[in-house]
Amino acid sequence: MTQSASEASPQAPSLPNGPGAAAVLSAGIGTFALAVLAVAGDKSAAIKQALNFYHPTGPLSGVTTLAILLWIAAWAILDWRWRKKNVAIARITTAALVLLVLSLLLTFPPIADLF
Amino acid sequence: MEMSTHGLWTLIHGMGFGALYLLACSGALIELYRITTGSSAPLATPAQERFLKIYLLAMVVLAWAAVLTGAYVVYPWYRAAPPPATANLALYPQRLLMSNPATSGWHSLGMEWKEHVAWLAPISITMAASVFLRYGRDLRNHRQLRSAVLCFTLVSFLAAGIAGLFGALINKQAPVQGGGTISLSVGDEK
């Protein structure tokens with residue numbers, strides 16, 4: 001997803017967009033992972049049990065812990081790969097925003113209940 | 001005038017961390033927009049940029065403090081299971097709400113939504129803060145990155161608003177109570 005041409009902007013950016021793209025996309029991945037895990041835990045008794053990392057908090061503890069770990073791992077990997085690059089930022093931010101909107105929708109119980 | 005320790009923690013979680021975060025959101029959105037948008041606008045001074053970086057870092061701390069105290073301090077009290085044959089469910093808010101069809105929606109819709117959507121706020125604002133810390137004023141030269149940061153900050157505001165609204169309404173229906181008693185003041189006898 002790298003590109004050589006710089007984006008249209010008022011001034012030439014002094015920093016590559018790769019690290020920013022890594023942060024944005026990983027945040028989208030993290031929020032989406034949280035929503036998917038929440039739905040999965042709600043639909044399957046086995047997954048719900050497996051997500052019960054800390055009993056007083058219940059499956060929420062597993063949902064959030066795993067989502068945060070996935071988010072941090074995605075961020076570290078993408079940042080490592082894109083640190084010094086300019087990447088196709090339009091496609092990446094669009095993907096991240098789609099993931100974020102899906103996360104918002106999937107956390108809403110009436111929509112999660114459709115699955 | 002007394003308060004339970006569980007009630008105090010609920011207050012710290014909601015009115016302390018959560019409400020402060022919500023108050024900070026509008027300021028962050030305006031400042032991020034002002035400093036990073038528009039080539040004709042004057043550049044932010046280094047002091048203004050430093051202030052926004054500290055402001056966003058404070059928001060990150062508030063957002064994580066709100067969700068962590070919510071999930072690991074207050075929520076276990078909310079979802080605690082009563083001993084068998086408990087008639088008075090006042091100390092078991094989730095079971096109290098579920099015991100009545102007129103109030104069960106506060107849990108099945110309100111709390112189920114709140115407990116998950118709230119976590120979008122710290123993830124989003126941590127990303128926004130990290131991008132601004134790295135790029136600073138140069139973010140105005142990365143149009144799409146800037147738009148994404150603003151969108152994530154807006155969703156963070158929305159998620160925190162949903163969580164805060166339902167938190168307040170649920171606590172009004174079935175307050176988290178219990179623990180020790182803190183005496184705030186002694187009133188005069190009438």
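The values are calculated or read from the model by the stated rules, or taken from the named source; none is laboratory data. On a predicted model such as this, the values are computed, not experimentally measured, just so you know. Because the Cβ atoms are built from the backbone with ideal geometry, glycine has one as well, and the counts that use them run over all protein chains shown. When the accessible area is computed, the model is the full protein with side chains, heavy atoms only, and any ligands, DNA or RNA have been set aside. Shrake-Rupley method; radii C 1.70, N 1.55, O 1.52, S 1.80 Å.
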Could you name every one of the helices (runs of 4 or more DSSP H) located completely within the stretch B:75-190 that has at least 1 residues being closer than 23 Å to A:Pro110 by Cβ, out of contact with any helix residue (DSSP H, G or I) (no Cβ under 6 Å at 6 or more places or on another chain) and facing another protein chain (nearest Cβ under 10 Å)? B:75-78, B:143-173
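When you scan the stretch A:60-89, how many residues do you find that are closer than 26 Å to A:Ile111 by Cα and open to solvent by 30 Å² or more (accessible area, probe 1.4 Å)?
So the first thing to find is which residues in the stretch A:60-89 are closer than 26 Å to A:Ile111 by Cα, and the list is A:60-71.
From the residues that got through so far, the ones that are open to solvent by 30 Å² or more (accessible area, probe 1.4 Å) too are A:65-66, A:68-70.
Within the stretch A:60-89, residues that are closer than 26 Å to A:Ile111 by Cα and open to solvent by 30 Å² or more (accessible area, probe 1.4 Å) number 5.
Taking the conditions exactly as written (open to solvent by 60 Å² or more (accessible area, probe 1.4 Å) and either at pLDDT below 95 or over 20 Å from the mean Cα position of the chain (by Cα) (or both)), does B:Arg146 satisfy them or not? Can you show your working first?
Values: open to solvent by 60 Å² or more (accessible area, probe 1.4 Å): no; either at pLDDT below 95 or over 20 Å from the mean Cα position of the chain (by Cα) (or both): yes.
So B:Arg146 fails the test.
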Members of the stretch A:36-59 found to be more than 7 Å from chain B (Cβ to nearest Cβ), open to solvent by less than 60 Å² (accessible area, probe 1.4 Å) and of a type in the set (A, V, I, L, M), listed by number: A:Leu37, A:Val39, A:Ala40, A:Leu51
With respect to B:Thr37, is the statement that it is β-branched (Val, Ile, Thr) and open to solvent by 50 Å² or more (accessible area, probe 1.4 Å) true? no
